[in-house]
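The next block holds one structure in the form of structure tokens; read it before the comments.
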Amino acid sequence: MQRRTLLTGLALAPGLAAPAIAPALAQAPDRAAIAEVERYFNGLTTLRARFLQIGQHGGSAEGTAMIWRPGRMRFEYDPPEPTLLIAADGQFFHWDKELRQASIVPLSATPLGLLLRNPLRLAGDITVEAVERGAGVVRVTLHRTDRAAEGRMQLVLDEAPMALRQWAVQDPQGRVTRVTLTDVRLGERFDPFQFAFNDPRFREELEQRR
């Protein structure tokens, strides 16, 4: 899996390519469903889950996700994927353990930043393209209102009770990254230190000076 796609992606089996997000139909979105999705996210505090990430060409990675609304998220990938992603303080940190390289982008520049907003409002600078109900799930397809060319995101939630199960991000080239959550646990108390990014290189330099 290309590591740069991890920053953008964030009921498929490993080895299957992620299907494209279907174009929105020309109809008014289901406002009642949108309100339900907003209430769900705005009532969410902490979430821990296992995740499976599938890339456009079938590459897969697994790990543990932690979401602490508002504003914080941690994705720790299982070996051999050498990646740690942390969202905090309005920034998204990507640490490559193998290359020993860190990169930082504004949280607002990533699709996952939408999930950490407080409050989350699916209007204004977010345009809802379509809402689909069926088979016990709700699918909400959206994009940034003034940046539609950057791609779209689809949220998939169980309907009753409402629970986040999956999201997919489609980039401007049509490539899709899909993340599915399992073993979801809510309401845990998290250690704030887990959402603090301390570049390991800095720690090593301090130890060498002692």
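The values are calculated or read from the model by the stated rules, or taken from the named source; none is laboratory data. Treat the numbers as computed from the prediction; the structure is a model and nothing was measured. Quick reminder, even Gly has a Cβ in these numbers, built from the backbone with ideal geometry, and neighbours come from all protein chains shown. Surface accessibility is based on the protein's heavy atoms, side chains included, excluding ligands, DNA and RNA. Shrake-Rupley method; radii C 1.70, N 1.55, O 1.52, S 1.80 Å.
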Across region 159-183, what is the number of residues that are loosely packed, with under 15 Cβ neighbours inside 10 Å and at pLDDT 95 or above? 2
Within region 184-206, tally of residues that are modelled with pLDDT under 90 and part of a loop (DSSP other than H, G, I, E, B): 4
For LEU142, indicate whether it is modelled with pLDDT under 95, touching a strand residue (DSSP E or B) at 6+ places or on another chain (Cβ under 7 Å) and aliphatic (A, V, I, L, M). yes
Taking region 142-154 and keeping residues among the hydrophobic types (A, V, I, L, M, F, W, C) and surrounded by fewer than 20 Cβ atoms within 10 Å (Cβ to Cβ) leaves ALA148, ALA149
Which numbered condition LEU112 fails, given (1) open to solvent by less than 10 Å² (accessible area, probe 1.4 Å); (2) in a loop (DSSP other than H, G, I, E, B): (2)
In region 49-62, the residues that are open to solvent by less than 60 Å² (accessible area, probe 1.4 Å) and under 13 Å from the mean Cα position of the chain (by Cα): ALA49, PHE51, LEU52, GLN53, ILE54
Going through region 143-183 one residue at a time, which ones are farther than 14 Å from TYR40 by Cβ and in a loop (DSSP other than H, G, I, E, B)? THR145, ASP146, ARG147, GLY151, ASP171, PRO172, GLN173, GLY174, ARG175
